[in-house]
Amino acid sequence: MKRIGVADTTFARVDMARFAVDRLKASGTGFRIERTTVPGIKDLPVACRKLFRERSVDLCLALGMPGKAEYDKTCAHEASLGLILTGVLEAKPIVECFVFEGEADGPRALERLAQRRAEEHAENAYSLLYHPERLARHAGEGLRQGFEDAGPVRRR
Amino acid sequence: MKRIGVADTTFARVDMARFAVDRLKASGTGFRIERTTVPGIKDLPVACRKLFRERSVDLCLALGMPGKAEYDKTCAHEASLGLILTGVLEAKPIVECFVFEGEADGPRALERLAQRRAEEHAENAYSLLYHPERLARHAGEGLRQGFEDAGPVRRR
Amino acid sequence: MKRIGVADTTFARVDMARFAVDRLKASGTGFRIERTTVPGIKDLPVACRKLFRERSVDLCLALGMPGKAEYDKTCAHEASLGLILTGVLEAKPIVECFVFEGEADGPRALERLAQRRAEEHAENAYSLLYHPERLARHAGEGLRQGFEDAGPVRRR
Amino acid sequence: MKRIGVADTTFARVDMARFAVDRLKASGTGFRIERTTVPGIKDLPVACRKLFRERSVDLCLALGMPGKAEYDKTCAHEASLGLILTGVLEAKPIVECFVFEGEADGPRALERLAQRRAEEHAENAYSLLYHPERLARHAGEGLRQGFEDAGPVRRR
Amino acid sequence: MKRIGVADTTFARVDMARFAVDRLKASGTGFRIERTTVPGIKDLPVACRKLFRERSVDLCLALGMPGKAEYDKTCAHEASLGLILTGVLEAKPIVECFVFEGEADGPRALERLAQRRAEEHAENAYSLLYHPERLARHAGEGLRQGFEDAGPVRRR
């Protein structure tokens, strides 16, 4: 049985992990979810490292919501680099799902965006583990998570 | 018995570690605190590495106060990347508690901010080690350290 | 028999890998291509790491198409650093082939650019593995991938 | 007997290492100084790595003087990240002592700043190795190297 | 017999390696040069890693010429970080010799700059391996590669 790690934060203003877990469970069976919550996005790399090491997960989904300030962008950049480092050291995928507070106007739109992005990244995580051919089928098709797909430059 | 490392700097203009240690001690028992002080925030990654290696701590709290200049932001960025690297290599949490001098107007406000942030990060550190379920309970609730919580986008 | 890894994304809006694989096959024989597709460019470092580890490739071609927003540049920067880290840890080449959406005006020009760059990087990948002397012969000659060569500063 | 590594550059316009070594010798005995000089600050991380590996130093003092151009700041940033990486991998302190040419007006002021900062960082290095309690005593007191101390936000 | 690795690119618009190799050969004997050419500067870190691992070089000279665009600066930054990482992991020096196209006005000036910088960095490489005392003698003297030396702040 495979294990999927889900790491999120108390800093985020939407419970994105709930949406992700629901979508994971709707996607299939045969895996166990290992949850962990840390204060902020900069804690996510270690959280994932621990999920890989201590709870033997095969993939991590790392969810976070950086604020609107310039400094929040720096934190997100640092967190992303740490997540990439962790994934490379473990040779296992970490699906980063970040929603910036400034990406949506107003609380409702922000929540909808966060829900949709979390769900679509959860689907990506599921595909990476169980159906890599699904991703291969959409190579170069301009898929987006949370927003409408951009689509391929030229329709085939 | 667990060990909590506390690393701070002579550069900081508030003795944040004192507030953090007081709050840690008020949070519970059953751990030992290992202290170390280095000149500046860029020395914190090695300080934590040594606390993990030589004094067997289970978690580090890294406290610092970058100045107001543009260069101080660069130093904080470098320090943060080093702290993330160290945490990932050790697979153990480092709770970063930085207060930028420019975040508050005047000495009193700065001290209050530094105290409150140090205390709230100390609580986070304690929860990470002993009560991870406390953090999980607040996932996605927009918690902040030092300032008022932003709260969740939509009240449940 | 050597193995060449080809990693691309569902985010890209042109199926660059197809062009790269066609050019690789036209360049010679004696190798096997191992394909993988991930959601976005930030997933490419782990994708390459896995190709090296699990499918024993000798070189990776990593293809991606960052969007036009400022944030996309940050993501590309993070992805590039992760690819370099992976290549250094594995001591094996990763040929990065990124096309920024803003590099070309209009869909046709973007597709042409993506095709040509993918093909020329595929040739570079082939040369790195089988004909390093071809690259040596063009040292300092101002070669470009996707656009006209800049050429050497002074014709010899 | 402990060993202190001192690494500097031919790029710097002040012989900062001389000031640092003099101050180290005035601080105490019982250590040996291992010197090395490299071309520029980006060579300092490897220089320190070699001092740790080949000459068994317990701590490095890395001295450099980035120029005034924007690019020099990038180089300093890269050097700093490399020094932090090296310190973390070795789990040994590297005291970075950089003086930016633009920090002082005119040659005399620049030399005085470089001298004073080198001396004060040398004292820090000595304290880190032999008297960590001296640093602990000044935690949060706003110490600076090269300039007047900022002092604590509130006098105790 | 020592070995010196020389890595350059097809992207550069001047054959800097030729100048570097000529100067190395003029500097002394007792070493063997190992050459490799890669497409661009971002390929240099892996190229050096391979020279260290597969061809047992004691030092690498990495030559490149980033273009004039803002993106080229980002690439140079990434390449530099990768070169520092590689040098630190190998504990062996990598002498980076980059010439930015925008540093000189016109092709002739650019070629002269590239030649001179390559030659002077080749001398530095030779000194690092065979005559470290030469570098030590010029510590803090404001040496530059490619341009006139800035000189020490105060003549001794």
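Values in this text are rule-based calculations from the coordinates and carry no lab data. Keep in mind it's a predicted model, so treat the numbers as computed, not measured. With ideal geometry, Cβ positions are generated from the backbone for all residues, glycine too; neighbour counts draw on all protein chains shown.
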Between D:Arg108 and E:Asp149, what is the label-to-label distance in nm when each label sits 7 Å out along the Cα-to-Cβ direction? 2.5 nm
Once every DSSP H run of n ≥ 4 in chain B is given -39500 (n - 2.57) and the sum is divided by its residues, what mean residue ellipticity at 222 nm do you get, rounded to the nearest 500 deg cm²/dmol? -16000 deg cm²/dmol
Please compute the contact order of region B:101-155 in relative form: average sequence separation of alpha-carbon pairs under 8 Å and at least six residues apart, divided by the residue count, as a percent. 30 percent
Rounded to the nearest 5, what % of the DSSP beta bridges within the protein assembly as shown are antiparallel ones? 0 percent
Over 11 Å [Cα-Cα, region A:11-52], rounded percent: 71 percent
Could you tell me how many cubic angstrom of Cα convex hull volume the protein assembly as shown has per residue? 166 Å³
Any idea what the C:Lys68 label distances to the other copies are, label 7 Å down the Cα→Cβ vector, nm, shortest first? 2.5, 2.5, 4.0, 4.0
Sorted from shortest, what are the nm distances separating the label point of E:Arg53 from equivalent points in the other copies, each placed 7 Å from Cα along Cα to C-beta? 1.5, 1.5, 2.4, 2.4
Site E:Glu70, offset 7 angstrom along Cα→Cβ, radius 15 Å on amide nitrogen, limited to region C:59-103, gives C:67-77, C:100-103
Across chain C, qualifying lysine pairs (alpha carbons under 23 Å, at least 8 places apart or different chains) come out at 10
at E:Asp105 the sorted inter-copy label distances (label 7 Å from Cα on Cβ side), in nanometres, are 3.0, 3.0, 4.9, 4.9
Counting only complete DSSP H runs, which helices of chain D cover 27 Å or more along their long axis at the Cα atoms and score a mean Kyte-Doolittle of 0.0 or above? D:70-90
Can you put E:Arg55, A:Arg49, B:Arg23, B:Arg35 in order, fewest other beta carbons within 10 Å first? E:Arg55, B:Arg35, B:Arg23, A:Arg49
Which value, in debye to the nearest 20, gives the size of the charge dipole of the protein assembly as shown about its Cα centre, when Lys and Arg are +1 and Asp and Glu are -1 at the Cβ? 1720 debye
By the 4.7 Å beta carbon criterion, which cysteine residues of chain B come out unpaired? B:Cys75, B:Cys97
If I build a Gaussian network model for chain A, linking alpha-carbon pairs within less than 10 angstrom, which residue out of A:Glu111, A:Glu133, A:Glu101 has the largest mean-square fluctuation? A:Glu133
Which of E:Thr36, E:Thr86, E:Thr74 moves most in a GNM of chain E, Cα contacts under 10 Å? E:Thr74
Amide hydrogen neighbours beyond the local backbone of B:Asp149, cut-off 5 Å, H modeled: B:Arg144
Taking a ≥ b ≥ c as the square roots of the Cα gyration tensor eigenvalues, with a/c under 1.5 meaning rounded and otherwise prolate when a/b beats b/c or oblate if not, region A:61-148 comes out oblate
Between D:Thr29 and D:Ala91, what FRET efficiency follows from the Cβ-Cβ distance if R0 is 30 Å, with the result rounded to 0.05? 0.70
Apply the a/c threshold of 1.5 to the C-alpha gyration tensor of region A:6-136 and tell me whether it is rounded, prolate or oblate. oblate
